[in-house]
Amino acid sequence: MESACSNCGSCDFDSNAGHAVVCKSCGVVIDDAIIDGERDIFQANSKFHFYATKRKSNGLSSGLNTLDVLSSKYAVAPDLKEAAAILLKHIYSYKRFKTIKDVDVLAGCCLVHTLQNHDQHISLKSLCNDVQCSMKSAYKFSKLVKSHCAQQYATYKEGNSNSAISGENNDLDIKWIKTRIHQMFSDIELDIDKQELIKKAIALIKLGSACWLTTGRGMEGIIAAASFLCWKNMQAFEMNLKQFCTKLSMSYATVQCRASELKAMLTKLAQKIPSFTKKRVTGSNVLLFLDYILENSETLRNDLLDNEFTEEDINKKEYSEFRKIRSSTSKSTETPEEDNTNGLAEISDSEISSYIRSEREVQLKESLVKEYDIY
């Protein structure tokens, strides 16, 4: 074949690529075995996997645009939209898709899955109408999303993300977090030691990470929420969370959601403090016990786990405790066995008669036996 590669001009091709021809010089894959308008009629039938040089399509940007449109239509909260976008990017980095339309459907399924985990529901039928896809395609990619999430949840322990608060958390970039907190408070006058505030905020973020509050989420909202709560713990001030977010030009909805989750986490842990009662610790006063909780977080977490011993059980327990998301595995409920001590006395006459053939059924059976010689 005397054609030249449109990318580098080379005439050296690999024709053992099945349904494609690969340039040996630059590695470009030419779809449909066509080079400069000519078709390679000598290509082999063997399948050739050339993943390293296959170009990425612009499917991800299309999927994110679809996610924006669906989020606007269904009035999805910014934090949930962000979680769906993170899930979409994660799946897209692992999987390959034939068409951009597939990525659009995947984006919709990621949004549906994220909303379902927060007790908000969009039917697949509505999704099909919005994305203009078949129900079969929606089922296919919905199953893909659930399978991916289940696999990531099952193998999460390999990433050492749920390490103890006293140890090093490999998933957190502590240096970047320190820099980000410095930037947040650069224009805010503080009457307290900024280094002490940063140290306490990082400890709270680590605790939130150990309790699964950072998994699959952007760090900006959690950093802002943790910094605000620690600042409020160390100094009495009149600025509320909404004013704080406005000053930082951040989304109030996201930061408020993360702050509520952090306070709920602290409240659960504080209720395990010895001699404390559940009524004594509430969301309004839990910051008074922040120092004690951070210092004894590992012990309080272990007390909250009750009789869960294995690492897998601990992960599932804490994930369901702090993330407010339904567990991927549901416990089977055993129905109590009926007491059959009375025997046939409990069976009604109408129920017995339902098992007895009628005269018409008997005649029909006899005719069939006679006709087909069945014995």
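Each value in this text was obtained by applying a stated rule to the coordinates, not by laboratory testing. The structure presented is a predicted model; accordingly, all values stated were derived computationally and were not measured. Cβ sites come from the backbone with ideal geometry, for glycine too, and all protein chains shown count toward neighbours.
Please get the size of the charge dipole for the range 193-265, origin at its Cα centre, with Cβ charges of +1 on Lys and Arg and -1 on Asp and Glu, quoted in debye to the nearest 20.
That gives the range 193-265 a dipole magnitude of about 60 debye.
Go through 194/272; 178/206; 73/136; 194/232; 95/206 and tell me which ones have a Cα-Cα distance over 20 Å in this structure.
Going by Cα-Cα distance, 194/272; 73/136; 95/206 fall outside the 20 Å limit.
How would you rank 366, 238, 295, going from fewest to most other Cβ atoms within 10 Å of each one's own Cβ? Walk me through the numbers before you get to the answer.
On the way: 366 10, 238 5, 295 13.
Ordered from fewest to most neighbouring Cβ atoms within 10 Å, 366, 238, 295 come out as 238, 366, 295.
If each residue's Cβ is checked for other Cβ atoms within 10 Å, how do 301, 280 rank with the fewest at the top? Show your work: numbers first, answer last.
On the way: 301 23, 280 12.
Listing 301, 280 from fewest to most nearby Cβ atoms yields 280, 301.
Is the range 209-274 best put as rounded, prolate or oblate by its Cα gyration tensor, with a ≥ b ≥ c the root eigenvalues, rounded for a/c under 1.5, and otherwise prolate when a/b is larger than b/c, oblate when not? Provide the component values of the computation, followed by the final result.
On the way: a/c = 2.51, a/b = 1.25, b/c = 2.01.
Oblate shape, in that a/c is at least 1.5 and b/c is the bigger or equal ratio.
Please rank 369, 145, fewest neighbouring Cβ atoms within 10 Å first, as an exposure proxy.
Listed from fewest to most nearby Cβ atoms, that is 369, 145.
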